[in-house]
Amino acid sequence: MKKFIIIISMISFTSSLLAQQILFFDDFEGYNDGDSVVNLSNFQGWGANGSGVAVNDPGNGAGGSDQYFSSTDGYMALQIIDSVVPGESYRFSMNGALTGWNQNGIKFQIIQLNGTGNADDSIHVDFTLGSVGAGQQNVFKLIDTLFTTSTYDTGNLAFRITKNWGPSYKIDNFKIECTTCSPPVNPYNVTLKVNTSNITVGSNGMYAGGGFLGGSDALQLTDADGDGTWEGVATLLPGTGPNYYAFFNSPNGDSDWGTKEDLSGQPCGITSNFDDRVLPIITSDTIIQHCFGSCESDGSCPTSQVTENEDIGFSLFPNPSSNNAVVTCIKTINRLELRDIKGKVIFEETNIDKKYTIDLTKYPSNVYFLRVFTDMEVITKKLVIN
């Protein structure tokens, strides 16, 4: 026979996440007949140990239910410990019945627990559910009371049911709820997708991080179908922001900021926050598309050009090269970037007219990507330094 310890339940909440809701409830319907319900009533030094069992008594519980709690020994039946918020109202309710005559009835208390032991505890509510005389045995009566916490109630409250002596008793539908707490705040799921077709992803994979996410490896992304678009889901509470973030190519730990995408000089890079991205206002579950190191928002990346684009008269020669490479374009080049295989900008020049010679001698042999920005478009071309 399986035993259940249910009597002391430590439930912690913060004021921002509390809601008008049931904090604790047990109707004892989930137990097998005779399962032990162990009472830990000596918590904080109060009272003697008591215990009870779940009783399957079809139709004879409170409201015609089938099961209830029945005490078997000791003076205390149930005690629930809950963390509370000052100034909120808490409702306690239960059905109780004595199995025989008792002039003292069932006592209910709400007690502020202060430290260990009971010497400095404070009883806030203390009343008795009437006496039980002839013909009233085994008749369930309702205990229902409302208690508003004060500024002094910053710790735990004990909601306690006792009897002083006499016959055993029954309890059903034991419930504690907060009646004035704020509505629940449900987070939104924000799916971040990043296209990596313009870079070579390192062995550690792709991550989103920084800002509201945390370190450089805060949110691991996956590419389950191998199409080069990596994704992950972040949770965000409504009303928070601004929420900055960025993508990282193969970071080695949570502080590998050198693997961060470079958005400097681009409209989606927030200069006041390390050129990070920033989320729009989120009002529902959302999917946001990105390109690593670029501001495209439709999930695409600038097309890599393997041959010259005849439409704008672009050329890069020689390629491969070990010394210099000459970039020419019939349109004015507003900005030119050279990125390594991780997407990091290692060279940048602006306002260079229609021709520019890049000194490649300072860079090791590898594959790079040259990005050319004109008024009309952005061209990306693979450059091999040998």
Cβ-defined net charge surrounding residue 63, 10 Å radius [Lys, Arg +1; Asp, Glu -1]:
-2
Taking neighbour counts of Cβ atoms within 10 Å as a proxy for exposure, in what order, fewest first, do 91, 339 appear?
91, 339
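Provide 357, 286 in ascending order of the number of other Cβ atoms located within 10 Å of each residue's Cβ, fewest first.
Ascending number of Cβ neighbours within 10 Å: 357, 286.
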Net charge (Lys, Arg +1; Asp, Glu -1) of residues whose beta-carbon lies under 11 Å from that of residue 231, residue 231 excluded, is -2
Going Cα to Cα from residue 354, which aspartates and glutamates come in below 16 Å? Please leave out same-chain ones fewer than 8 positions away.
308, 310, 311, 337, 375, 377
For the range 304-385, the spread of Cα positions along each principal axis, largest first, Å:
31, 21, 20
For residue 215, which sequence-distant residues (separation of 5 or more, or a different chain) have an amide H within less than 5 Å of its own amide H, given hydrogens modelled in the peptide plane?
210
Check which residues have an amide H placed less than 5 Å from residue 124's amide H, if you skip close sequence neighbours.
110, 111, 112
Which net charge results for the neighbourhood of residue 193, defined as the other residues with beta-carbon distances under 11 angstrom from its beta-carbon, given Lys and Arg at +1 and Asp and Glu at -1?
-4
Over the range 188-291, equivalent-ellipsoid semi-axes from the Cα gyration tensor in Å
20, 16, 13
Holding the Cα-Cα limit at 28 Å, pick out from 260/355; 260/362; 193/362 the pairs that are longer than that.
260/355; 193/362
Counting other C-beta atoms within 10 Å, which of 213, 157 has the fewest, and how do the rest follow?
213, 157
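Throughout, read-outs are computed from the coordinates displayed, never taken from laboratory work. Every value quoted in this text rests on a predicted model; they were computed, and no experiment measured them. As a convention, Cβ positions derive from the backbone with ideal geometry for all residues, glycine included, and neighbour counts pool all protein chains shown.
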